[in-house]
Amino acid sequence: MKFKSYEEFKDDYEDYHYIDKVSNRYYPQKPLNEKQLQSYYLQYAKKWGKENLKLNSNSVNKSKDMLLYEKILERDKKCRLLSVLTISERTIWNDHQNGLGSILDGAHVFGKGAYPWMRYELKNIVLVNRFSHSCLDLNKSPIDGHSISVDEKIKWWQRIIGKEEWNCLEELAKSRGGVKYYSS
């Protein structure tokens, strides 16, 4: 069984009057409004995620966020950071990730707090494991959790997304008067 997008989930409800709960179906006795349907979809995504992708509920809490997360998941498929680590870095990461390495988050390169106009910019969001995402947000190394400078943090993002992509995003960040880099 494949993971359903919100639109597929909603279509099933509208066409067949059931809510997919991964392992079974639920037939609500009363009609659901959009907010209730989104809530059921979030439950579905969480349950699916626990068995397969470990979706981040914070990344899919609104309809627009859900659709965006699905696009990122489809595009990246796995943690972008882990794909650029060396074998020795991966070993260090394994020793520090505390079970959070299998949970995938949509991580904003330029934080949505400091750069709200970039919140829904697809290129500004990449799939990153929860441990590394949290570390980067707190100016810590995404492989061992030790404090790093803003310059080191920038180098990590450049490594994860590529320097060319970084330069494009930095220009977009500057275009609306954003700070030099990063207060998320």
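What follows draws every value from the coordinates through simple rules; no lab data is involved. What you see is a predicted model; the values in this text were computed from it and never measured. Counting neighbours? That spans all protein chains shown, and the Cβs are built from the backbone with ideal geometry, glycine included.
For Lys112, give me every one of the aspartates and glutamates with a C-alpha distance below 17 angstrom, ignoring sequence neighbours fewer than eight places off in its own chain.
Of all the aspartates and glutamates, those that pass the test against Lys112 - Cα under 17 Å, at least 8 places apart if same chain - are Asp65, Glu121, Asp137, Glu170, Glu171.
With every atom except the alpha carbons ignored, what do you get for Rg and Dmax of the stretch 77-184, in angstroms?
13.3, 40
Rank by packing, highest mean first: peptides 117-127, 26-36, 95-105, with packing defined as the count of other Cβ atoms within 10 Å averaged across residues.
The densest-packed peptide leads the list: 117-127, 95-105, 26-36.
Checking the table Lys35/Lys71; Lys47/Lys163; Lys2/Lys153; Lys78/Lys155; Lys78/Lys140 against a 32 Å threshold on Cα-Cα, which pairs fail?
In this structure, Lys47/Lys163; Lys2/Lys153 exceed 32 Å between Cα atoms.
For the pair Arg119 and Glu8, what calculated FRET efficiency results from E = 1/(1 + (r/R0)^6), where r is the Cβ-Cβ distance and R0 = 35 Å, to the nearest 0.05?
0.90
Which value in deg cm²/dmol, rounded to the nearest 500, describes the helix-derived mean residue ellipticity at 222 nm for the chain, given -39,500 (n - 2.57) per DSSP H run of n ≥ 4 and division by the residue count?
On the way: 7 runs with 83 residues, N = 184.
My calculation for the chain gives -14000 deg cm²/dmol from helical runs alone.
Candidates [x] 50, 33, 31; [y] 49, 32, 25; [z] 56, 40, 23; which is the computed Cα extents along the principal axes in Å?
Among [x] 50, 33, 31; [y] 49, 32, 25; [z] 56, 40, 23, the one calculated here is [z].
Separation between the Glu89 and Ser102 pseudo-spin-labels, each 7 Å from Cα along Cα→Cβ, expressed in nm?
Spacing of the two 7 Å Cα→Cβ label points: 2.4 nm.
What distance in nm separates the simple spin-label points at Cys168 and Asp144, each placed 7 Å from Cα in the Cβ direction?
Here the modelled spin labels are 3.4 nm apart.
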